[in-house]
1. Output the number of residues of region 212-231 satisfying the condition of being surrounded by fewer than 22 Cβ atoms within 10 Å (Cβ to Cβ), in a loop (DSSP other than H, G, I, E, B) and within 14 Å of the ligand (Cβ to nearest atom).
2. How about region 165-204: which of its residues are surrounded by fewer than 19 Cβ atoms within 10 Å (Cβ to Cβ), in a loop (DSSP other than H, G, I, E, B) and in contact with a Leu (Cβ under 6 Å, 6 or more places away or on another chain)?
3. Anything in region 93-115 that is touching a helix residue (DSSP H, G or I) at 6+ places or on another chain (Cβ under 6 Å) and either closer than 14 Å to LEU230 by Cβ or assigned to a helix (DSSP H, G or I) (or both)? List them, or say none.
4. Counting just the residues of region 116-128 that are on the phi < 0 side of the Ramachandran plot and in a loop (DSSP other than H, G, I, E, B), which one comes out nearest to the ligand (Cβ to nearest atom)?
5. For region 39-69, which positions are touching a residue at least 12 places away in the same chain (Cβ under 8 Å), of a type in the set (S, T, N, Q) and over 20 Å from ILE231 (Cα atoms)?
6. Under 7 Å between Cβ atoms, at least 6 apart or on separate chains: pull out the pairs that start in region 137-158 with a residue that is over 21 Å from GLN182 (Cα atoms) and end on any residue that is surrounded by fewer than 14 Cβ atoms within 10 Å (Cβ to Cβ) and at pLDDT 95 or above.
7. When the residues of region 43-62 are narrowed to those that are among the hydrophobic types (A, V, I, L, M, F, W, C) and closer than 21 Å to MET1 by Cβ, which ends up modelled with the lowest pLDDT?
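The values are calculated or read from the model by the stated rules, or taken from the named source; none is laboratory data. Note that the structure is a prediction, hence the values are computed from the model and not measured. Please note: Cβ atoms are built from the backbone with ideal geometry, for glycine as well, and neighbour counts cover all protein chains shown.
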Amino acid sequence: MKKLVVGNWKMHGSRAFNAELIQGLLASDLATTAPRADVAVCPPFVYLAEVVAALQGSAIGVGSQDVSVQVQGAYTGEVAGPMLREVGATYAIVGHSERRSYHAEGDQLVADKARAALSHGLIPIVCVGETLAEREAGQTEAVVGRQLQAVIDTLGADLARIVVAYEPVWAIGTGKTASPEQAQAVHAFLRAQLKSARAEAATVPLLYGGSVKPDNAAQLFAQPDIDGGLIGGAALKAADFAAIARAA
Ligand code: PEP
């Protein structure tokens, strides 16, 4: 399976910063050769159209960091799937831990966002992951299993069309990466859950996210059930992001 490496820019950037970052990405082998991995970046909503335009003709795709469950109407501050498609997004991250914790997004809302993304032609990247307290209490599988089960129950036959990102909350932006073995164990668990729900979902790409850097990417990506990465901090440096994608 071709690996997938996605950069989550979070609430970073400006026109000048983005232009420099994109220039760096376009100058790297990500954009010019047939890359070994599929690659995409997810800028803040307001920059999506500009980033799509700047990356036009390259092999680098673009995604959003969220999507509304609504299609249109009186939903102040929300951005709908058809709008994202119209400006050229192909992926939508849903259920990032920062949205789950700062915006109180629950498992069912995240699952509904995944369904909304699919119904408007976007590939949802569904994030799951446990906190440090949950890991230490031995609840990792129960937590990620519960988060994924809501998506399984909501999507039915469409389950095979998603991407899942395992992002242990304790590893996001902290510099603490899950060891390749820790990540692989959770990925194998998620793979088995997907497969037992729907045989065709066994090939759903499973990304790892949480302090992936150029020096730990290759070991993580070498694990049998790690199909790529969701990259935060290191996606803001063209050379680092390109090196991570190269490791995939
Ligand atoms: C993320 O926010 O999706 C992420 C993985 O961040 P970082 O790589 O900075 O830990």
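1. Total meeting the criteria: 1.
2. If the condition is that a residue be surrounded by fewer than 19 Cβ atoms within 10 Å (Cβ to Cβ), in a loop (DSSP other than H, G, I, E, B) and in contact with a Leu (Cβ under 6 Å, 6 or more places away or on another chain), then ARG198 is the only one that fits.
3. The answer is VAL94, GLY95, SER97, ASP107, GLN108, ALA111, ALA114, ARG115.
4. LEU122
5. Passing the criteria: only SER68.
6. If the second residue must be surrounded by fewer than 14 Cβ atoms within 10 Å (Cβ to Cβ) and at pLDDT 95 or above, the pairs left are ALA150/GLN108.
7. Step by step, filter region 43-62, then rank; the result is ALA59.
So that you can scan it fast, the table gives a plain yes or no per residue for (1) touching an Asp or Glu at 6+ places or on another chain (Cβ under 8 Å); (2) closer than 22 Å to ALA217 by Cα; (3) not polar (S, T, N, Q):
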| position | (1), (2), (3) |
| --- | --- |
| SER101 | no, no, no |
| LEU118 | yes, no, yes |
| LEU122 | no, no, yes |
| ILE162 | no, no, yes |
| THR174 | no, yes, no |
| ALA178 | no, yes, yes |
| ALA185 | no, yes, yes |
| PHE189 | yes, yes, yes |
| ALA197 | no, no, yes |
